[in-house]
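The values are calculated or read from the model by the stated rules, or taken from the named source; none is laboratory data. Nothing here was measured: the structure is a model prediction, and the numbers come from that model. Ideal geometry is used to build each Cβ from the backbone, glycine not excepted, and the neighbour counts take in all protein chains shown. Protein only, heavy atoms only, side chains kept; ligands, DNA and RNA dropped before computing areas. Shrake-Rupley method; radii C 1.70, N 1.55, O 1.52, S 1.80 Å.
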Amino acid sequence: MKIAVFTKNRTNPAYGAARLGADRVAQRLGAQTLHFVPDKGDDPDEQSALIDRALAMRPDAFVLAPVHATRVNAAIARIQASGIPLFGFVNPIPVGRCVTYVGSDDSQLGHAIARHLFAHLHDRGRMLVISGPVASVTSIARVRAFEDAAAKHPEIAIVGTCVGDYDREVARDAVARWLAANEKPDACLAANDVMALGALDALRAARRKAVVVGVNAIPEAIAAIKSGEMLATADFNAMRMAALATECAVRHLRGEAVPSKIELPVEIVDRRNCHLWDLPFEQRPLLTLEETLA
C-alpha cells in the first residue's frame, strides 16, 4: 500500500515533522510513504508537476497539503478524476472532495495566542505583527485574528507589520529593518515559530527586548520558552495532522469508515506546561485515530 505525501517545503521544521508523522504511522500500519516536496518551496507550479509525477506512479492514496489556496486546483482536480482517494491536512482542499481533512482552526489559534500575550502585558502595549507569505491561507487567518483580538483592547496598538515568509532569515532581516526605522515594540506576534525565532535574532542583534510569541510548538521554540526568550506558542501540530491523514488513508483503503473532518484543539504552550512538548519530534507521542476521536 503506497501513500503519496505532499508537503509544502523543506525549510519549515513543521513540514519535516509532518513527513515524519506520516512515516511513523505508515510504518506502524504496514504501508509505504512516497514524499513529494517542491525544491523551490511553496511553489504551486512545482507542486502541480509533482502531483502529475505521482499520478503516473499510481499510488493507492494521496495525502496533500496544498501550497496555495487556488493555484494547485487544476492538479487536484486531476487527482480526483483519477479515482485515487485524496486526504488533506494543514490547509483545506480547495476544490472537489477529499475523504478526510485534518487541520486546526487558524483563527482560533491566532486569537488564543494573542489573548495570552495581551493578558501578559495587562492589555496594553505596542505590537509588531510578523506575517507569513502574502498568499498563505494559515498566515492570512492568523494575522486577521491578531488584528481582531487587538481591536478589542483600546490600549493595544498594532504599530507595524513585517512579512517574514515563514522563514527565519527573512523574518530576521525584515524585523531588523523595522527596528532600525521605528521605536521598539513591546511585543512581536509572529504567525509561526520560525519567524518568532527570527524576530528574537533581530532583537538580540539590535540589543532590544520585546515579548515574542509564535505558532507551531517546534522544538526550537520550546527551548526558547524554557529559557525565557519567548513567552509562548500555540501548538499547530502538523506532525499529528499528517499522521492522522495517513492513518485515515490506510484505514479507508482497508474498507474502514473514517471521519470526513478532524479538527485538533487549540493548545497554548508556555513555561508552565512546555515540559509536555520538550521532546524532539521523533519522540513526541502520536495519538491514534481512536484516541483522537475518544
Given (i) 57, 38, 32; (ii) 49, 47, 39; (iii) 57, 48, 26, which label gives Cα extents along the principal axes in Å as computed from the coordinates?
-> (i)
Alpha-carbon centroid distance for the pair segment 190-225 / segment 39-94, whole angstrom | 32 Å
Normalised contact order of the chain, rounded percent, pairs of Cα under 8 Å and 6 or more residues apart = 20 percent
Sorting 283, 236, 213 by the position of each Cα along the dipole of segment 177-294 (Lys, Arg +1; Asp, Glu -1; all at Cβ), the one nearest the positive end of that ordering is 213
How large is the dipole of segment 139-294 about the Cα centre if only Lys and Arg carry +1 and Asp and Glu carry -1, each at its Cβ, rounded to the nearest 20 debye?
-> 320 debye
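Let me spell out the model: positive unit charges on the Cβ of Lys and Arg, negative unit charges on the Cβ of Asp and Glu, origin at the Cα centre of segment 1-113. What dipole size does that give, in debye rounded to 20?
Working: 12 positive and 10 negative charges, 66 e Å.
Here the size comes out at about 320 debye.
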What is the dipole size for the chain, taken about its Cα centre, with +1 at each Lys and Arg Cβ and -1 at each Asp and Glu Cβ, in debye to the nearest 20?
-> 120 debye
For the chain, what is the percent of antiparallel DSSP beta bridges, rounded to the nearest 5?
-> 5 percent
Sequence-distant aspartates and glutamates (8 or more away, or on other chains) whose Cα lies within less than 14 Å of residue 40 | 165, 167
Set the Förster distance to 22 Å, then compute FRET efficiency between residue 272 and residue 148 from the Cβ-Cβ distance, nearest 0.05.
-> 0.25
Dipole of segment 1-152 (Lys/Arg Cβ +1, Asp/Glu Cβ -1, origin at the Cα centre): which of 62, 140, 31 lies farthest to the positive side?
-> 31
Label points 7 Å out from Cα along the Cβ direction at residue 108 and residue 173: separation in nm?
-> 3.7 nm
Compute the convex hull volume of the Cα atoms of segment 1-151, divide it by the residue count, and report the result per residue in Å³ as a whole number.
-> 121 Å³
Qualifying trypsin sites (Lys or Arg not before Pro) in segment 75-176, DSSP loop, other Cβ atoms within 10 Å at most 12 = 97, 124, 152
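Could you order 184, 226 by accessible surface area, starting with the largest, using a probe radius of 1.4 Å?
Values: 184 75, 226 100 Å².
In descending accessible area the options line up as 226, 184.
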What FRET efficiency comes out for the pair residue 155/residue 282, r = Cβ-Cβ distance, R0 = 35 Å, nearest 0.05?
-> 0.20
Under the Karplus curve 6.51 cos²θ - 1.76 cosθ + 1.60, θ = phi - 60°, whole-Hz ³J(HN,Hα) for segment 169-179, x wherever Gly or Pro sits = 5, 4, 5, 4, 5, 5, 5, 4, 5, 5, 5
Under 30 Å from the Cα of residue 184 - lysines, other chains or at least 8 residues apart | 152, 209, 226
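Computing the accessible area with a 1.4 Å probe over protein heavy atoms, can you report the carbon and sulfur percentage for the chain?
On the way: 6200 of 12520 Å².
The C+S portion of the solvent-accessible surface of the chain is 50 percent.
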Karplus (6.51, -1.76, 1.60) ³J(HN,Hα), θ = phi - 60°, over segment 87-93, in Hz, Gly and Pro reported as x = 10, x, 8, 6, 10, x, 6
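Just from its helices, what would the mean residue ellipticity at 222 nm be for the chain, if runs of 4 or more DSSP H residues each count -39500 (n - 2.57) and the sum is divided by every residue, rounded to the nearest 500 deg cm²/dmol? Walk me through the intermediate numbers first.
Details: 10 runs with 128 residues, N = 294.
For the chain, the value works out to -13500 deg cm²/dmol.
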Just the accessible area for residue 178, please: 1.4 Å probe, Å², rounded to the nearest 10?
-> 30 Å²
